[in-house]
Amino acid sequence: MSNLVSKEIRLKSRPVGMPKDSDFDLASTEVKQPGAGEVLVRNIWMTVDPYMRGRMMDRESYVPPFQIGEVLQGGAIGQVVESKSDKLKAGDYVQSMWGWREYATEKAETFQKVDPSLGPIEAYLGTLGMPGMTAYAGLFRIGELKDGDSVFVSAASGAVGQVVCQLAKAHGCYVVGSAGSDDKCEWLVKEAGIDKAINYKTCGDLNKAVGAAFPKGIDVYFENVGGAHLEAAINHMKPFGRLALCGMISQYNDTMPAPGPSNIIMAVGKSLKLQGFIVSNHLDMIPAFYEEMGKLIKSGEMKWQETVEEGIENAPKAFLKLFTGSNTGKMLVKIGPDKAV
Ligand code: NDP
């Protein structure tokens, strides 16, 4: 393994507004041999996620900011090449937060073994991973979903949204999702099995479209987008409705603070519950999540889509796609072959 070189993506400058290719650098670094308690892992897949945009800003948040000139971090799935730890052995498939690089030599406890029999290994970055778990925690704990509820989901065909939609359907709910293209809407209705899909880019008045889709009102709104979507949802929530505030991607590249929903006062009269959440505060739900997802995947009820960019050098391009809706389902980067050749 000597003289092995790993390509990696570093943050070159903090993006202002929409991130650009020039905010990232492709660099090469020599791979370190594992020391006692460490493993050397070859990454196969990495994920790009909207929350990474927040980490590119120099501000306090629930995760520390990325540093200029340093390699980025994020979820990755790889295979152990060499181990100096009794926790993992060569050949094990593992997930970690050592993404945005081809190889990682780190302490064994920073990697978790994944079970390749439950689903394809890359699903641990999507449906079976953080986005799927976000859907589960947001829908059941924050949204307090009850069987038969009326559920509205924004960014419904994305990594989180597609799981939210199908979990809610599996619980006998009436589900309407919004997405930014006809193809995405068609997949949601025909494959994910939701009741209606709204193309928010072509529907005209979003508020009217949401009202027409929910003549009796919304019990649970799963918020991924913010702005006009949140206002439309508030307008059509039933009394005692719950809004699970998962993310507001339409505002992540704003350079000025966005105005709040102009109709927020309706939350008082309708006794609405609006609650934000971060998935990492709900990891106690992981066993229940695996149990329910395992059943839905085995029975073929849970479907998902992925968009894949090939090569570590295309990771920034994959990240930028999240903000133009150019991804369908989970946005992934394939960094290397599934098996060592
Ligand atoms: P997605 O796979 O849904 O990708 C992002 C999608 O957002 C795009 O494909 C696009 O779909 C939509 N989008 C982008 N810009 C806009 C815009 N201006 N207006 C409306 N829609 C837009 O991402 P994820 O599923 O990974 O994440 C979804 C949300 O969940 C994000 O807000 C993210 O920050 C949040 N999240 C929160 C977590 C938590 O712990 N709270 C954890 C994980 C994710 P379209 O074509 O439909 O416009």
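Quick notes on this one:
- Of all residues in the range 104-114 being open to solvent by 30 Å² or more (accessible area, probe 1.4 Å) and within 23 Å of the chain's Cα centre (by Cα), the one that is nearest to Val31 (Cα to Cα): Thr110
- Residue match in the range 226-248 (condition: in contact with a Gly (Cβ under 8 Å, 6 or more places away or on another chain) and among the aromatic types (Phe, Trp, Tyr)): no
- Restricting the range 291-331 to residues that are touching a strand residue (DSSP E or B) at 6+ places or on another chain (Cβ under 7 Å) and aliphatic (A, V, I, L, M), the residue that is most open to solvent (accessible area, probe 1.4 Å): Val308
- Extreme residue, nearest to Gly138 (Cα to Cα), among residues of the range 256-290 that are open to solvent by 70 Å² or more (accessible area, probe 1.4 Å) and modelled with pLDDT under 95: Tyr290
- Listed by position, the strands (runs of 3 or more DSSP E) inside the range 1-71 whose residues that are more than 16 Å from the ligand (Cβ to nearest atom) and loosely packed, with under 14 Cβ neighbours inside 10 Å number at least 2 are 24-30.
- So Pro261, is it closer than 23 Å to Ile218 by Cβ, more than 13 Å from the ligand (Cβ to nearest atom) and in contact with a Leu (Cβ under 7 Å, 6 or more places away or on another chain): yes
- Given (1) among the basic types (Lys, Arg); (2) farther than 30 Å from Gly78 by Cβ; (3) in the same structural domain as Val48 (by TED's automatic domain parsing), index of the condition Lys208 fails: (3)
- Residue check, Phe289 of a type in the set (Phe, Trp, Tyr), under 22 Å from Lys169 (Cα atoms) and within 16 Å of the ligand (Cβ to nearest atom): yes
The values are calculated or read from the model by the stated rules, or taken from the named source; none is laboratory data. Everything numeric here is computed off the predicted structure, so don't read it as measured data. Counting neighbours? That spans all protein chains shown, and the Cβs are built from the backbone with ideal geometry, glycine included. Just the protein is used for accessible areas: all its heavy atoms, side chains included, with ligands, DNA and RNA removed. Shrake-Rupley method; radii C 1.70, N 1.55, O 1.52, S 1.80 Å.
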